[in-house]
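The values are calculated or read from the model by the stated rules, or taken from the named source; none is laboratory data. All figures in this text were calculated on a predicted structure; none of them were measured in a lab. Virtual Cβ from ideal backbone geometry, glycine too; neighbours counted across all protein chains shown.
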Amino acid sequence: MDFSHYAPLWGEALLTVLAVLIVLLGSLMKNSGKLMGYLSAAGLIAALGLVGSNLMIAKPTLFFFDTISVDALSQFFKVVFLVVSLLVVIASLSKYTGKGADEYFALLLFATVGMMVVASSIDLITLFVGFELASLSTYALAAFDKSRKNLEAAMKYFIFGSVSSAFMLFGFSLLYGMAGSTKLTVIASATIANFGPAALIALLFVIAGFAFKMALVPFHMWAPDTYEGAPPLVSAMLAAGSKKMGFAAAFRVLLVALMALRMEWYLAFAILAAITMTLGNLAACWQNNVRRILAYSSIAQAGYIAIGFVVVGKAYGLAPTTAFNGIPISPAQLGLAGALLLILGHALMKTGAFIGTAQVASMVSKNDANDPDDISNYAGLVSRAPVTALCMLIFMFALAGIPPTAGYFGKFVLFSSAIYSGLVWLAVLAILNSALSLVYYLRIISYMFLKEPAGPKMAEPKGYVVALVLTTIAVLYIGLFPQAFFDWAVQAAAVLLPQ
Amino acid sequence: MISNAISLMIAIPLLGAAVSFFAGSKAKFVALIASLIPLALSLQMYMEFDKTSKMMQFVESYNWVPSIGVKYTVGVDGIGFPLVLLSTIVSILVIIYSWGETKKPNQYFALLLLNEVGVLGVFTSLDFFLFYIYWEIVLIPMFFLIGSWGGPRRDYAAIKFFIYTHVASLVMLLAIFALYFTYQMPDGSRTFDMLTLLKATADKNIFPTSLLNIIFAGLLLGFLVKMPAFPFHTWLPDAHVEAPTAGSVVLAALLLKMGGYGLFRIILPILPHVDKAFVTIIAIIAVLSIIYGAFLALAQKDIKKLVAYSSVSHMGFVTLGAVAFTTMSIQGAMFQQFSHGIITCVLFMSAGTIQHVVGTRVIADLGGLADRMPKFAVIMMAGFMASLGLPGMSGFVAEFMVLTGSFATLPTYTMIVVFLSIVTTAAYHLWAMQKAMFGPILKKYMNVHDPHAYELFSMSMIIVLTLIFGLQPGLITGMMGTAATQVMQPVMTLSQMGVI
């Protein structure tokens, strides 16, 4: 048999094999946690290389009876997931070394594979399977440290997650009933809008299902508790990886299969985006737990990213009036590209920020405030753990959208696309929110840099430091040299929104 | 002729900031060198600067994000260059004044250098994308200067400063987006090039007045908050009162000038094409800033707060001169920016010196300090005289030009200013000076003495400059004359100038 045809999927294959291998090896070898960590990291780097070698695919390649598509969009998301996963693995090298580490790394790899499958799915069944693979692995990860808080977080996450999966599946079943197929392109051409209420109910359930994963208000209740209670590195994976999977799935399903209903979901997302960013930012101002602040900030960021849907829904079909570097880009494409850039930026910033909290929690747990994530533990962090504090500083400014960072450039393109498509009110609201978010980001910064140290200098574990520094460099690099990333995002957007 | 002078001038303090951060207690030497080189560069540029040219000079332009039409374009003309000169002069003097800083000196000097990077960037950027980045970067060092080295309510003041001015910047950013998406280059692409976009605003077919009004209002808000003009000035007293002396100096001497620079570079070229009501609105804001600022200064108990409100009042002259839109008023307003930039340094340094020599800034608790601090008293006196507009010093020339120039187009407003502000301004300066420095010395101050030589050196250098530019204003206004006539004519793009 000739497998060379499947070359674009070798990344997924490699990680699946590696994950199984790690489970097997782990049961045979004792105390091999460190080795498993390095193996996972190596596997993820190799997978990144494999995905990266197929980065700029001009034409989508379809696999497995047209259920999996490898295209610029799927590669974009896969790179995001792999990078997040790699950073989390590198940071985990300092924490998960002993018994059970093999399971931890195997679950992380399975979650990554699940997300990659979602990124490529153009069929509802494949998409659902990928979704569940990622979700089930992260449910287990959320409880991994087995503290009471972990268990509570995992239980909440599991229950909300299962219910949302049920919603999603119900929506999918209605779509299948109307269109007679689970393929996104077939559903798109089945004129399901003619089914009236049934189509709307399907849309409602699908959006509700995805919105749970994306943590859009009012489907966000699980997120702060879970991000706060799960092991901090797993929170990084959830906020930066699994949340973005929700967006990947929603982009595919809504923009391909349900484009005909865009006036309906445009309205839904306009409301969701407006409420989500406002409530997320307001709630974050009152928190004292840094991970809870980050959780609410992550909800707010999901609100910003959701602007992408609003722009696409509003501006779909409008002809481009602008040539960017000679290439005409329509308002809808720019909106999607902006959302993708913010997804990339947010994935990096949030991974970095959560790794930072993990780092602090690992250093201070002995003689500081009871709750390791309490903001009082961050007082004077710059003199206690200078590298962590400086990296966190960059992440906070980046999350707030201060230039020149990845967070700034993502918001820049996304908000400008809102202006481009005439959604001035949304851009104004987003920008006011952006200013509001400074309240809590500056609060963390002022704790880290302006308050007297809460304790003596601490030793910063190496794994965390490497992950933090790499993330910081990436966040600044994208902010300073955004050219390549912009072109890449536009190309990815063009997969779903061809001219 | 040095190639890439502007980029070099910005890169060196940036590098210096990084080195200072790791230089520990030696940071001040690094900072001195890293601010001396930009000063030397700017003086060299001054020698080479063609005062009669309408062109952008020392232009550098490279592609940066070609996909969205972003270029790294920097250059200076008679609007920007005097402020570049001001920034390099003030930066090094502030560093010398702070020579004795012992609290985290590495961070302190790094932040001062980073601040220099930001302001130099703002005054030289000719691309909105780049301009906005520098505009925002400036907030970061100032946030830390206030928050880390400030007074008792520093956290509040730092966060208020950051958020207040950031909101205004964001509104400006929206206006920039609107400019960007409205104007299309002949080949269909978009650009962030400042001069090209400003030139396009003159075209009614591209920018109908109704749209341009909104864009204009957004940009104007961004600049008025930074100036700050009444009623957007409320962040300023808090920031100044809590900021350390060097922070206050940089804030008043350089950061406020960014707002004024925006008026000349961006607002005035659009002004002729928007609703005429804007002229009235801006003129009223200017007059209120001048008068309200002066009266508030008169009412202050804290000498630093007095100086802070005097800034509001003096920056009002910039707004008035700009909106009066005559060659002389614009030239005067530009000179007022420069002149206030140097004079305010002495005032804030005086307030800072009184604070750490005597231990209080409350005017009522001071008295007779001149007896024990004779050298300081002379310099402070000279600074206050310059600030109230004593002939022979730069402040007089600038405000005289503004008032004379404005009388032609805005006579009523000018007369109100003349009648209400000049006496008040003289009153609060003289009253504060008299109460704090003269009269019989209070017993508890028998042991105070003149401040360190480095503090006196910075302050006296500024007095010398005030006198030089007061007697020979042509040294600076020579550059501004061409710029002022240029501002009133349609904008020329870089390609029309033939520079790129």
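Can you confirm whether region A:456-463 contains a residue that is more than 12 Å from chain B (Cβ to nearest Cβ), part of a helix (DSSP H, G or I) and within 23 Å of A:PRO232 (Cα to Cα)? The answer is yes, given that some residue of region A:456-463 is more than 12 Å from chain B (Cβ to nearest Cβ), part of a helix (DSSP H, G or I) and within 23 Å of A:PRO232 (Cα to Cα). Considering only residues of region B:146-162 that are surrounded by fewer than 22 Cβ atoms within 10 Å (Cβ to Cβ) and assigned to a loop (DSSP other than H, G, I, E, B), which is nearest to the chain's Cα centre (by Cα)? By that ranking, first place goes to B:GLY151.
Determine whether region A:369-389 contains at least one residue that is modelled with pLDDT of 90 or more and within 11 Å of another protein chain (Cβ to nearest Cβ). No, region A:369-389 has no match at all.
Residue count for region A:64-99 satisfying the condition of being over 12 Å from A:ASN54 (Cα atoms), aromatic (Phe, Trp, Tyr) and under 16 Å from the mean Cα position of the chain (by Cα): 2. Taking every residue in region A:23-39 that is in contact (Cβ under 8 Å) with a residue 12 or more places away in the chain and pairing it with any residue that is of a type in the set (D, E, K, R), at least 6 positions away or on another chain, the pairs with Cβ-Cβ distances below 6 Å are A:GLY26/A:ASP102; A:MET36/A:ASP102.
Is it the case that some residue within region A:335-357 is of a type outside the set (Ser, Thr, Tyr) and either part of a loop (DSSP other than H, G, I, E, B) or surrounded by fewer than 24 Cβ atoms within 10 Å (Cβ to Cβ) (or both)? No - not one qualifying residue is present in region A:335-357. Can you name every residue in region B:140-155 that is at pLDDT 90 or above, more than 9 Å from chain A (Cβ to nearest Cβ) and closer than 19 Å to B:THR234 by Cβ? Within region B:140-155, B:MET142, B:ILE146 meet the criteria. Do we find a residue being within 14 Å of another protein chain (Cβ to nearest Cβ), hydroxyl-bearing (Ser, Thr, Tyr) and over 24 Å from B:LEU111 (Cα atoms) anywhere in region B:41-62? Yes, some residue in region B:41-62 is within 14 Å of another protein chain (Cβ to nearest Cβ), hydroxyl-bearing (Ser, Thr, Tyr) and over 24 Å from B:LEU111 (Cα atoms).
With respect to A:LEU470, determine if the residue is more than 10 Å from every other protein chain (Cβ to nearest Cβ) and either over 30 Å from B:GLY24 (Cα atoms) or surrounded by fewer than 24 Cβ atoms within 10 Å (Cβ to Cβ) (or both). Yes; evaluated as a whole, the condition is true for this residue. Scan B:ALA178, B:ALA229 and give me the residue that is in a loop (DSSP other than H, G, I, E, B) and small (Gly, Ala, Ser). Unique residue meeting the criteria: B:ALA229. Selection of region B:51-73 for residues being within 26 Å of the chain's Cα centre (by Cα) and either closer than 24 Å to A:PHE412 by Cα or acidic (Asp, Glu) (or both) yields B:GLU60, B:SER61, B:LYS71, B:TYR72, B:THR73. Does B:ALA158 satisfy the condition of being touching a residue at least 60 places away in the same chain (Cβ under 8 Å), touching a Phe, Trp or Tyr at 6+ places or on another chain (Cβ under 8 Å) and within 9 Å of chain A (Cβ to nearest Cβ)? For B:ALA158, the condition - touching a residue at least 60 places away in the same chain (Cβ under 8 Å), touching a Phe, Trp or Tyr at 6+ places or on another chain (Cβ under 8 Å) and within 9 Å of chain A (Cβ to nearest Cβ) - is met.
List every residue pair whose Cβ atoms lie under 7 Å apart, where the two residues are 6 or more positions apart in sequence or sit on different chains, the first residue falls within region B:86-97 and is touching a residue at least 40 places away in the same chain (Cβ under 8 Å), and the second residue, located anywhere, is of a type in the set (Asp, Glu) and surrounded by 24 or more Cβ atoms within 10 Å (Cβ to Cβ). Once the first residue is touching a residue at least 40 places away in the same chain (Cβ under 8 Å) and sits in region B:86-97, its partners that are of a type in the set (Asp, Glu) and surrounded by 24 or more Cβ atoms within 10 Å (Cβ to Cβ) give B:SER87/B:GLU116; B:SER91/B:GLU116; B:TYR97/B:GLU455.
Here B:THR165 meets each of (1) within 12 Å of chain A (Cβ to nearest Cβ); (2) surrounded by fewer than 24 Cβ atoms within 10 Å (Cβ to Cβ) with one exception, condition (2). Of the candidates B:THR191, B:THR196, the single residue that is part of a helix (DSSP H, G or I), among the hydroxyl-bearing types (Ser, Thr, Tyr) and in contact (Cβ under 8 Å) with a residue 40 or more places away in the chain is B:THR196. Considering only residues that are farther than 30 Å from A:TYR266 by Cβ, among the β-branched types (Val, Ile, Thr) and more than 9 Å from chain B (Cβ to nearest Cβ), which ones fall in region A:401-455? Matches in region A:401-455: A:ILE444 only. So, of the residues in region B:86-145 that are under 18 Å from the mean Cα position of the chain (by Cα) and among the acidic types (Asp, Glu), which turns out to be farthest from B:TYR156 (Cα to Cα)? If we take residues in region B:86-145 being under 18 Å from the mean Cα position of the chain (by Cα) and among the acidic types (Asp, Glu), then B:GLU116 is farthest from B:TYR156 (Cα to Cα). Checked against the criterion of being assigned to a helix (DSSP H, G or I), under 20 Å from B:THR404 (Cβ atoms) and under 21 Å from the mean Cα position of the chain (by Cα), region B:293-304 has at least one qualifying residue. The condition (being under 23 Å from A:SER4 (Cα atoms) and either over 18 Å from the mean Cα position of the chain (by Cα) or crowded, with 24+ Cβ neighbours inside 10 Å (or both)) is satisfied by just one residue among A:ALA58, A:ALA134, A:ALA142, A:ALA106: A:ALA58. Applying the set (1) surrounded by fewer than 22 Cβ atoms within 10 Å (Cβ to Cβ); (2) part of a strand (DSSP E or B) to B:ALA40 leaves exactly one unmet item: (2). Inspection of region B:78-88 finds no residue satisfying the criterion of being surrounded by fewer than 24 Cβ atoms within 10 Å (Cβ to Cβ), within 11 Å of another protein chain (Cβ to nearest Cβ) and part of a helix (DSSP H, G or I). Only a single criterion out of (1) touching a residue at least 24 places away in the same chain (Cβ under 8 Å); (2) under 30 Å from B:GLU60 (Cβ atoms); (3) away from chain A (no Cβ under 14 Å) is not satisfied by B:LEU174, namely (3).
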